[in-house]
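To start, the structure itself, in C-alpha cells.
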Amino acid sequence: MNLNLSADEVLTTTRSVRKRLDFDKPVDRSIVLECLDIALQAPTGSNTQGWQWMVIEDDAKKKAIAELYAKNFNAYAQQPGREFGEGDTRTERRELVRSSAQYLCDNFERAPYLVIPLIEGRLDEGLNSFAQASQWGSILPAVWSFMLALRERGLGSAWTTLHLPDEKAAAEILEIPYDSYTQAGLFPVAYTIGTDFKLAKRLPAAELTHWDTFGSR
C-alpha cells in the first residue's frame with residue numbers, strides 16, 4: 001500500500017513514531033527490502049557504499065537488544081531535561097515526548113523488526129571532525145530515506161540511540177564484527193495506527209538561520 005504522498009508531504013509528515021506503532025500487524029520482509037533498496041539510492045561519500053543493514057526479527061534477539069536499550073533509557077530518563085523557557089513549543093511538548101519515549105521503551109521488542117544501520121569502520125573517540133563527518137554523512141542520508149520510504153508505505157519508525165552505550169554487547173548478540181562496523185542507531189519498524197500524521201511544531205527557520213556572520217539575522 002502506497003499513500004501517494006507528494007515529496008513535500010512525505011518530508012514534512014514523517015515523524016518519530018512510538019505510540020502509534022502497530023505491534024500486532026505483521027510486516028512482510030519484502031516491504032523492508034523495498035524500503036532499503038530505496039534507501040540505498042542515497043548519496044554516499046566517494047561512492048563507497050560502506051553500509052550494511054542488520055534486520056532483527058528473532059524474538060529472543062529482539063528481547064535482548066530491547067533490554068540493553070531499556071537499561072540505558074531508564075538512566076537517561078532520570079536526567080533533567082534542557083530548559084527552553086516558558087512558551088517555547090519544546091517545553092510545552094516535553095511531557096508528551098517523555099510519555100511517548102517511555103511507551104516505546106516498554107514495548108520495543110514487540111516491533112515486527114528492529115533495524116540497525118552499520119557504518120564500515122570504527123568511529124571511536126579521537127577521530128577528527130572531518131573523518132567523523134565523512135562517515136556519518138555516508139549513512140545518515142540513507143537512514144532518513146529509509147524512514148521516508150516506510151512513511152510512504154504506511155509504516156513508521158523512530159531513530160533511537162540508547163542501546164549504543166552497550167554497542168559491544170549488542171554486537172556480540174548479533175554477531176556483528178565490532179572492530180569492523182559501527183552501529184548508527186536502532187529503529188523499530190511497524191505499520192502505523194492510522195496514516196494521518198501532521199506537521200510538527202518547530203521553530204521558524206528565520207530564528208535559526210545566520211547570514212555570513214553567526215548571530216546575524
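Each row is one residue, and each column tells you yes or no for (1) modelled with pLDDT of 90 or more; (2) closer than 23 Å to K19 by Cα; (3) charged (D, E, K, R).
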| residue | (1), (2), (3) |
| --- | --- |
| A66 | yes, yes, no |
| K71 | yes, yes, yes |
| E83 | no, no, yes |
| R93 | no, yes, yes |
| Y103 | yes, yes, no |
| G121 | yes, no, no |
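Quick check: anything in segment 188-206 at positive phi and touching a helix residue (DSSP H, G or I) at 6+ places or on another chain (Cβ under 8 Å)? No, there is no match, as no residue in segment 188-206 is at positive phi and touching a helix residue (DSSP H, G or I) at 6+ places or on another chain (Cβ under 8 Å).
Taking segment 113-217 and the strands (runs of 3 or more DSSP E) fully enclosed by it, no element has 2 or more residues that are more than 28 Å from K71 (Cβ to Cβ). Taken over segment 159-216, the criterion of being touching an Asp or Glu at 6+ places or on another chain (Cβ under 9 Å) and of a type in the set (K, R) is satisfied by K201 alone.
This table checks each residue for (1) surrounded by 15 or more Cβ atoms within 10 Å (Cβ to Cβ); (2) free of Cβ contacts under 8 Å to residues at least 40 places away in the same chain.
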position: A158; (1), (2): yes, no
position: L162; (1), (2): yes, no
position: P177; (1), (2): no, yes
position: L186; (1), (2): yes, no
position: K201; (1), (2): no, no
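What pairs come out if I take residues in segment 117-136 that are farther than 25 Å from L33 by Cβ and of a type in the set (K, R) and pair them with residues that are modelled with pLDDT of 90 or more and surrounded by 12 or more Cβ atoms within 10 Å (Cβ to Cβ) whose C-beta lies under 6 Å away, six or more apart or interchain? Once the first residue is farther than 25 Å from L33 by Cβ and of a type in the set (K, R) and sits in segment 117-136, its partners that are modelled with pLDDT of 90 or more and surrounded by 12 or more Cβ atoms within 10 Å (Cβ to Cβ) give R122/T182. Under the condition of being out of contact with any helix residue (DSSP H, G or I) (no Cβ under 8 Å at 6 or more places or on another chain) and β-branched (V, I, T), the residues counted in segment 27-52 number 4.
In this structure, does L140 turn out to be farther than 25 Å from K25 by Cα and among the aliphatic types (A, V, I, L, M)? Yes, satisfied.
The values are calculated or read from the model by the stated rules, or taken from the named source; none is laboratory data. Being a predicted model, the structure only gives us computed values, none of them experimental. Heads up, the Cβs are rebuilt from the backbone with ideal geometry, glycines too, and the neighbour counts pull from every protein chain shown.
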